[in-house]
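Following: one structure in structure tokens, then a few remarks.
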Amino acid sequence: MGFAHYFRVWLSSVRYSIVRTMMFRMDFIMWSLVELFWMGVNLLLIGVIYSHTDSIAGWNQYQMLLLIGTSMLLQRLLMGFFWSNLFELGRNIRTGHFDFFLAQPGNPLFMVSTRKIDLDSLLNSFVAIAVIVYAVNKLGLHPGAADIVLYGVMLGCALVIHYAVVLLSVAVTFWLIGSEGIVGSYFTLFEFARLPREAFRGLKRVLFVWALPAVICSNIPAATLIGGFNPGNMLWLALTAAAWLGLAVLVFQRGLGRYSSASS
Amino acid sequence: MLAILTKYRAAFSVGLQSNIIYRWNFAARALFSLFHLVVVFTLWTAAFAGQTEVGGFSLNSTLTYFVVMLPLQFMIGAFNEDYQISEEIRGGLINQFLLKPINYYVYRISIFVSARFVSGALAILPLLIALPLIYDQLAFPSDWGWRLALGLPALLLSAMVQFTIAYCFGLLTFWFLEIQSFVILSMAIETLLGGQIFPLDLMPDWLFRLSQYLPYYYQMYFPAAIFTGRLDQAQVMQGLVIQAFWVLALLGLAQLLWSRGLRRHTAVGG
């Protein structure tokens, strides 16, 4: 099957998700509010800290806002496009409903990853974009078209990393049926994405900046808008994305081989 | 009186047993909270760089505040009590309590207390791992005598506030089919105004004073701030009065929701 065909499959998933959201309007409003509020909580933390200091690891208030906005946007995009699909993948492996996806004519990973989208998260990604635009304005930056495209490409790489981390934590279910709690580690890991890379020193730098891919996901795109394009950083991000995605797909494929359904 | 105690002791013991089943869940959660502690230490150490005090408190005393928060959450925090109550109402399990001389609130709080024994004990785990690494950075106030004497009752009342708010949310099931989004929205408010994101005293003064009249302040910030020296004795005495008021007010609300809710409730089947 070609790209066009997969795109059509994805479009019908989108259509299905929109219809579903329209059916549960109240849920949509409540969940949008919940996300909006949590984003506000993060912004308040920054507001409170900067009312007592001028800099966190060399980042001023609006640079920090840009960093937080970037990390919020990434998380909204992950939640919007992939989170519920991957979360349900874990459940489906446990219950045996995963059979249904295997029976579909298409790549199983594509089928499980794109079944629905969450409109509330996608709606809130505009709020995150507004935060970024506001911070860029306050910083007096004037990114050109090329900068914005580069920023977008980097966000794409970072989104791939987020996706790979969640997929990895879910794929563990193929081996450990009772591993429900592990998915939550995604949120723990990406809490680090709201911190400037310079704040990590010594062992913490090795662990959270170099080994685990959370910090660079938000820091490299944000630093590109603030300080200009750095090819080394771009390469670092792209290679990290490729490596983690490769690992996640490999583990998923291995898991598929182990999967033996769960019907009684 | 003794008979009443025996009755709820049975609920407590059942709660203890069923919560021990979830020990791995609690333990995993406690270990994840270690990572959260790393984030907190990194962020606040960077924020304090170049200044000895922020908002009148040293870096070490602020870090100590967050460290104390960690076991407190596991000792007095409400975890999924609201969902459990919601499930019992939806599934019709509460029908049996309507026929027996058992007070549902006391029954649930007995289970809550037993659950906190289990999770509270497991919270020691991450602390044992973290303590050797962070020991040098902890700074407790020297006047700990009165702080302990007033802090422990405040801690108990905090647990009551925590549980009773969760209980009230659970009872909303009488009116709404799905309470999950309410609970998560409220959790965000409680996390923020309970002082888990930042010590409330770092907010602008008027906001801090306003927060003292809200119940959230008494869920977590109040006991943690007593133990870590962020409040003086006069503030603590005043706080205890407001806290006691909130406990009574929330109990009243819980009773109201229960009696109103039961009128809407239709028990089906057996």
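The values are calculated or read from the model by the stated rules, or taken from the named source; none is laboratory data. All values derive from a computational prediction rather than experimental measurement. Note: ideal-geometry Cβ built from the backbone for every residue, glycine included; neighbour counts use all protein chains shown.
Things to note:
- Only one of the listed residues (A:Ala193, A:Ala164) is of a type in the set (A, V, I, L, M, F, W, C), within 23 Å of A:Gly58 (Cα to Cα) and touching a Leu at 6+ places or on another chain (Cβ under 8 Å). That residue is A:Ala193.
- Residue in region A:243-260 that is in contact with an Asp or Glu (Cβ under 6 Å, 6 or more places away or on another chain) and either in a loop (DSSP other than H, G, I, E, B) or at positive phi (or both) present: no
- Helices (runs of 4 or more DSSP H) wholly inside region B:1-110 containing at least 3 residues that are touching a helix residue (DSSP H, G or I) at 6+ places or on another chain (Cβ under 6 Å) and within 29 Å of B:Glu178 (Cβ to Cβ): B:2-21, B:23-48, B:81-90
- Among the residues of region A:45-69, those that are outside any loop (DSSP other than H, G, I, E, B) and at the interface with chain B (Cβ under 7 Å from one of its Cβ atoms) comprise A:Leu45, A:Val48, A:Ile49, A:Ile56.
- Any hit, region B:133-140, residues being over 21 Å from B:Leu31 (Cα atoms), in a loop (DSSP other than H, G, I, E, B), over 14 Å from the mean Cα position of the chain (by Cα) and not basic (Lys, Arg): yes
- Per-region count, region B:111-139, residues acidic (Asp, Glu) and at pLDDT below 85: 0
- Wholly enclosed helices (runs of 4 or more DSSP H) of region B:158-270 bearing at least 2 residues surrounded by fewer than 21 Cβ atoms within 10 Å (Cβ to Cβ): B:180-193, B:205-211, B:233-264
- The numbered conditions (1) in contact with a Leu (Cβ under 8 Å, 6 or more places away or on another chain); (2) more than 8 Å from every other protein chain (Cβ to nearest Cβ); (3) not basic (Lys, Arg) are all true for B:Asn19 except (1).
- A count restricted to region A:70-113 and to residues that are touching a helix residue (DSSP H, G or I) at 6+ places or on another chain (Cβ under 7 Å), in a loop (DSSP other than H, G, I, E, B) and surrounded by fewer than 21 Cβ atoms within 10 Å (Cβ to Cβ) stands at 2.
- Index of the failed condition, B:Leu172 passing every other in (1) in contact with a Leu (Cβ under 6 Å, 6 or more places away or on another chain); (2) modelled with pLDDT under 95: (1)
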